[in-house]
Protein chains: 2
Amino acid sequence: MDSKLDNLKYDSNGLIPAIIQDHQTGQVLMFAFMNRQAVKKTVETGKTHFYSRSRNKQWLKGESSGHVQHVKSIRTDCDKDVLLVNVEQVGAACHDGYYSCFYRKHDATSPDWAIEGVKVFDPDVVYKK
Amino acid sequence: MDSKLDNLKYDSNGLIPAIIQDHQTGQVLMFAFMNRQAVKKTVETGKTHFYSRSRNKQWLKGESSGHVQHVKSIRTDCDKDVLLVNVEQVGAACHDGYYSCFYRKHDATSPDWAIEGVKVFDPDVVYKK
């Protein structure tokens, strides 16, 4: 395996946080955790893979929806304990149907988070709920 | 306190991950954790505050270096368990002297991470090591 990936620092659960960013616009799309195997698969396949703590398994982003992320670059930070992955997003990143998961903006004048952007797809159709 | 902030989901250690992004270029600058108090201080003062797990205390970004971050917007994700904070960075975000902490890029052809960008400041001078 790529020795650079062995140099990354994983937390006590064997996970490393990954920030996913649109490679053209710089928009932050989502945040999730990878384990060693997910990092390896992401590098090898060129598609983002993550580790789900709730489902206790590795997953390919887009495996249900088809909304995969093609990896354009991978960076790590000064402590080598966080990843920043620039991607080309197919469809939309958020399972709620928005292009980015960060569709809620703080507005000091509003009692709730303000919704930004429009839905790219209908989750009920894509996930066949 | 702003009830929207109470709706955020903190992990079992009372922390929420925060991604810090340059508000003009979209460059991701750093990643750190906030506790409830740090989120409150960030909103109230307009400067980012974090919680250090290693030092077990809340800190103002820039308290030693002067490299504070002026908050331009705060977003949260679909699960309300991550923050995305857009800022105007004074000086540089990284204590290693780079503008962004993500100055290491994966290069499949190189045995080590490639260094990107130039140092904005000399850490030995700024932190008086």
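Between copies, how far does the label point of A:THR109 sit from its twins, in nm, shortest first, when each point is 7 Å from Cα along Cα→Cβ?
Listed shortest first, these distances are 5.3 nm.
Taking a ≥ b ≥ c as the square roots of the Cα gyration tensor eigenvalues, with a/c under 1.5 meaning rounded and otherwise prolate when a/b beats b/c, else oblate, which class fits segment A:71-129?
Note, shape of segment A:71-129 comes out oblate.
Determine how large the accessible area of A:ASP96 is when every protein chain is in place; take a 1.4 Å probe and give Å² rounded to the nearest 10.
Counting only protein heavy atoms, A:ASP96 exposes about 40 Å² to solvent.
Sequence gap at least 6, Cα distance under 8 Å: using those rules, report the relative contact order of chain A to the nearest whole percent.
The normalised contact order for chain A reaches 21 percent.
Would you mind calculating the gained length between B:LYS128 and B:HIS70 on full extension (0.36 nm times residue separation, minus the Cα-Cα distance), in nm to one decimal?
18.5 nm
Restricted to Cα positions, what overall size does segment B:29-91 have along the principal axes? Three whole-Å values, descending.
Largest to smallest, the principal-axis extents are 34, 26, 21 Å.
In segment B:86-103, which residues give up 50 Å² or more of accessible area once the other protein chains are added, compared with their chain alone (1.4 Å probe)?
Those are B:PHE102, which lose 50 Å² or more relative to the chain on its own.
Any chance you could look up the accessible area of B:LEU60 with a 1.4 Å probe, heavy atoms only, rounded to 10 Å²?
We get 50 Å² for B:LEU60.
Mind pulling the angle between the C-alpha long axis of helix A:36-45 and the longest principal axis of chain A? Nearest 10 degrees, somewhere in 0 to 90.
Between the helix axis and the principal axis of chain A, the angle is about 80 degrees.
Pairs A:LYS128/B:LYS9; A:LYS40/A:LYS72; A:LYS47/A:LYS128; A:LYS72/B:LYS72; A:LYS80/B:LYS47; A:LYS61/B:LYS9: which are spaced more than 18 Å apart, C-alpha to C-alpha?
Beyond 18 Å between Cα atoms: A:LYS128/B:LYS9; A:LYS47/A:LYS128; A:LYS72/B:LYS72; A:LYS80/B:LYS47; A:LYS61/B:LYS9.
Using 7 Å Cα-to-Cβ label points, what is the A:ALA114/B:ASN7 separation (nm, one decimal)?
Calculated label separation equals 1.4 nm.
How much mean residue ellipticity at 222 nm does the protein assembly as shown get from its helices, if each DSSP H run of length 4 or more adds -39500 (n - 2.57) and you divide by all residues, to the nearest 500 deg cm²/dmol?
Result for the protein assembly as shown: -3000 deg cm²/dmol, rounded to the nearest 500.
In A, who owns the beta-carbon nearest the axis carrying A over to B, and how many Å from it?
Result for the A and B rotation: A:GLY26, 1.
How many Å² of accessible area per residue for segment B:1-112, probe 1.4 Å?
That works out to 43 Å² for each residue.
Averaging over every viewing direction, what projected area does the convex hull of the Cα atoms of the protein assembly as shown cover, in nm²?
The number I arrive at for the protein assembly as shown is 14.2 nm².
Do any residues of segment B:28-45 lose at least 30 Å² of accessible area when the full set of protein chains is present rather than just their chain alone, and if so which, with a 1.4 Å probe?
Residues losing area: B:VAL28, B:PHE31.
Carbon and sulfur: what percent of segment B:13-129's accessible surface (1.4 Å probe)?
The C+S portion of the solvent-accessible surface of segment B:13-129 is 46 percent.
If you put a point 7 Å past Cα along the Cβ direction, how far is that point for A:GLU44 from the same point in each other copy, in nm, smallest first?
5.0
Over both sides of the B-A contact, add up the buried accessible area with a 1.4 Å probe and give it to the nearest 100 Å².
3400
Find every distance from the label point of A:LYS57 to the corresponding label point in the other copies (7 Å from Cα along Cα→Cβ) and write them in nm, one decimal, shortest first.
4.6
Output the residues of segment B:105-129 meeting this criterion: accessible area (heavy atoms, 1.4 Å probe) in the chain alone minus accessible area with all protein chains in place is 40 Å² or greater.
Relative to the lone chain, where solvent access is computed with a 1.4 Å probe, segment B:105-129 loses at least 40 Å² at B:LYS105, B:HIS106, B:TRP113.
The values are calculated or read from the model by the stated rules, or taken from the named source; none is laboratory data. Bear in mind that the values here come from a model prediction, so they are computed numbers and not experimental data. Glycine also receives a Cβ, built like all others from the backbone with ideal geometry; neighbour counts cover every protein chain displayed. Side chains are part of the model used for accessible areas, which takes the heavy atoms of the whole protein and leaves out ligands, DNA and RNA. Shrake-Rupley method; radii C 1.70, N 1.55, O 1.52, S 1.80 Å.
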